[in-house]
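> Before we start, here is the structure in question, set down as structure tokens.
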Amino acid sequence: MQRYLVGGAVRDQLLNIEVYDKDWVVVGSTPEELLQNGFIAVGKDFPVFLHPDSKEEHALARTERKIGSGYTGFDCYFAADVTLEEDLLRRDLTINAMAQAPNGEIVDPFNGQQDLKDRVLRHVSAAFTEDPLRVLRVARFAAKLNHLGFTVADDTLALMRQIARSGELEHLTAERVWQEWHKSLSTQDPQVFISVLKDCDALHIVLPELDALFGVPQPEKWHPEIDTGIHTLMVAKQAALLSESLPVRFASQVHDLGKGITPQSEWPSHKMHCHTGLKLIQSLCSRVKVPNEFRDLALLVCEQHSNIHRAAELKPETKLKVLNKFDVWRKPERLKDILTCCMADSRGRTDFETIDYPQKDIFELAYQAALAVNVQDIINDGFKGAEIKAELERQRVSAIAKSKLKT
Ligand code: CTP
């Protein structure tokens, strides 16, 4: 039996990117032989084994044939006579269809190395269309490799469009959609995940709430980019520049969903969007099974971002109300996250990309001032029961009123 390093590990190594996961393919062997050699069987649908020492995944070389709908509808054939080339042929992109032998030699039957040089994401064969998950994977790889100059080949984009038109994307499970979206959030260019899905006509199927933002105008004075979809892509990029937090990046992407359902008669104004967006975020998050931590931050940012943008005009009472909404007293880390999303929103506009965001300092100062009010002092002063809370609020408002930015 021979084993080869395959897939992402070979790709990332050739790109000088850190390799997290090593996958191996085993040629000329059988499940029985691997088990005899101490490998541990883990595959449910196809034969995957863990190496007895490294615990890295080893799969027997296999071919696949589409037999049903969705990304699970495959019949897979594995036997000692399946060649390495046959296994590489069933893979999605040429840059993912290379193998490395133990002596370091690269096996590259589909010119993956050339495509790495040319910075192209290109499908291996027409069988690409058999797996709808690949539409999301390519969008995610485009996001991951965008900073190196990679783009999707026109032919591949055409196949992605074909998949979108076929109705197969509707078979993708929520878990798969979230898995790819979530992975895209940790790249340098999460906005590319959305824009590639848009380009191949998949966005309206997979994430219709985001798709609805494209073509919706905003006031040119504040949004020279005008289109809300373009603005959302810009905000997504700014959030990735400002924060490593994936919930922050997610919340920034969905904070304006309400603008997608503003009646056209009200365009380019979107007075109600902070309110109308809440329901859309709720339904999107429950459909795609977005974790609560992401959803809760997104709801707060959606509801409060306009208030935060107006920080300089807000009365101390309103500032305290906003802080109470955020539950900052129990979740202090939230304030920074929400303010970062708002800053990304402010910078995610044409010609505003490097603008200062004093609203952040105003709210941080208000929070620090309110936090300094000591409940124990209030109790010591003789306040009892509900009076304590009322006095705490009163003193916090007064502390916020006194908090001023040094100019
Ligand atoms: N693969 C594929 N089609 C899929 C899923 C996986 O062709 N729908 C192949 C690709 O060759 C891929 C390999 O299986 O490189 C391993 O898949 P995975 O671990 O999901 O992705 P990686 O390419 O390793 O990338 P990353 O670890 O960055 O997600």
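Computed from the coordinates by the stated procedures, all read-outs in this text should not be read as laboratory data. The structure presented is a predicted model; accordingly, all values stated were derived computationally and were not measured. Here Cβ is always computed from backbone atoms with ideal geometry, including for glycine, and neighbour counts include all displayed protein chains.
> Tell me the relative contact order for the chain as a rounded percent, counting alpha carbon contacts under 8 Å between residues six or more apart.
The value is 10 percent.
> Quick one: go through the stretch 151-186 and flag any residue whose amide nitrogen is under 14 Å from the point 7 Å out along the Cα-to-Cβ line of Glu244.
In the stretch 151-186, the label zone of Glu244 (backbone N under 14 Å from the point 7 Å along Cα→Cβ) covers 186.
> Hey, what angle do you get for helix 228-242 against the long axis of the chain, alpha-carbon based, 0 to 90 degrees rounded to 10?
90 degrees
> Mind giving me the nanometre distance, one decimal, between the label points for Ala401 and Asp155, set 7 Å out from Cα along Cα→Cβ?
Between Ala401 and Asp155, the simple spin-label model gives 7.2 nm.
> Ranked highest first by the average count of other Cβ atoms within 10 Å around their residues, in what order do 95-103, 299-307 fall?
Those peptides, ordered most packed to least, come out 299-307, 95-103.
> Find how much the distance from Gln264 to Glu333 grows on full extension, using 0.36 nm per residue of separation minus their present alpha carbon separation; answer in nm with one decimal.
21.1 nm
> For the chain, divide the Cα radius of gyration by the Kirkwood radius and give the resulting Rg/Rh value with two decimals.
My calculation puts Rg/Rh at 1.08.
> Separate question: Mind checking the log10 I(q)/I(0) for the stretch 221-376 at q = 0.09, 0.13, 0.14, 0.19 Å⁻¹? Debye, one equal scatterer per Cα, no solvent, two decimals.
Here log10 of I(q) over I(0) equals -0.28, -0.59, -0.68, -1.24.
> I'd like the chymotrypsin sites (Phe, Trp or Tyr not before Pro) in the stretch 272-351 restricted to DSSP loop residues with at most 16 other Cβ atoms within 10 Å, sorted by number.
Trp329
> What does the net charge come to around Lys198 if you take all other residues with beta carbon closer than 12 Å to its beta carbon, with K and R at +1 and D and E at -1?
-3
> Ratio of alpha-carbon Rg to the 2.2 N^0.38 Å globular estimate for the stretch 1-111, to two decimals, please.
Against the compact-globule rule of thumb, the ratio is 1.05.
> Excluding residues on the same chain fewer than 8 positions from Lys331, give the lysines whose Cα lies under 25 Å from its Cα.
Of all the lysines, those that pass the test against Lys331 - Cα under 25 Å, at least 8 places apart if same chain - are Lys279, Lys289, Lys315, Lys319, Lys321, Lys360, Lys389, Lys402, Lys404.
> Mind checking the angle between helix 292-309 and the chain's longest principal axis? C-alpha axes, 0 to 90 degrees, to the nearest 10.
Tilt of helix 292-309: around 40 degrees.
> Stokes-Einstein at 4 °C, 1.567 mPa s, Kirkwood radius from Cα pairs: D for the stretch 69-181 in µm² s⁻¹?
Stokes-Einstein gives a translational diffusion coefficient of 86 µm²/s.
> Now for a different question. As a check on your grasp of the helix formula, calculate [θ] at 222 nm for the chain: sum -39500 (n - 2.57) over DSSP H runs of n ≥ 4, divide by the residue count, round to the nearest 500.
That comes out to -15000 deg cm²/dmol.
> Moving to a separate point now. Give me the mean projected area, in nm² to one decimal, of the convex hull enclosing the Cα positions of the stretch 341-407.
In nm², the orientation-averaged hull projection of the stretch 341-407 is 5.9.
> In addition: On a 0 to 90 degree scale, rounded to 10, what angle separates helix 154-166 from the longest Cα axis of the chain?
Compared with the principal axis, the helix lies near 80 degrees.
> Where in the stretch 236-276 is the amide nitrogen less than 16 Å from a point lying 7 Å along the Cα-to-Cβ axis of Lys325?
Residues 252, 255-259, 271-276 qualify, since their backbone N sits under 16 Å from the label point.
> Taking only the alpha carbons of the stretch 125-269, what extent do you get along each of the three principal axes, in Å, biggest first?
48, 34, 28
> Taking only the Cα atoms of the stretch 228-305, how large is their convex hull per residue, in Å³?
Taking only Cα atoms, the stretch 228-305 has a hull volume of 85 Å³ per residue.
> Okay, moving on. Among rounded, prolate and oblate, which fits the stretch 284-407 when a ≥ b ≥ c are the square roots of the eigenvalues of its C-alpha gyration tensor, a/c under 1.5 means rounded, and a/b larger than b/c means prolate?
In terms of gyration-tensor shape, oblate.
> For Asn37 paired with Ile388, estimate the spin-label separation in nm (one decimal), with each label point 7 Å from Cα along the Cα-to-Cβ line.
Between Asn37 and Ile388, the simple spin-label model gives 6.8 nm.
> Now for a separate question. From largest to smallest, what semi-axes in whole angstrom does the stretch 132-217 give when each is the square root of 5 times an eigenvalue of its alpha carbon gyration tensor?
Over the Cα atoms of the stretch 132-217, the ellipsoid semi-axes are 18, 15, 14 Å.
> Follow-up. Listed highest first by mean packing, meaning other Cβ atoms within 10 Å per residue, what order do 216-227, 188-199 come in?
Output ranking for 216-227, 188-199: 188-199, 216-227.
> Computed FRET efficiency, Cβ-Cβ of Ser54 and Glu18, R0 22 Å: what is it to the nearest 0.05?
That pair, Ser54 with Glu18, gives E of 0.80.
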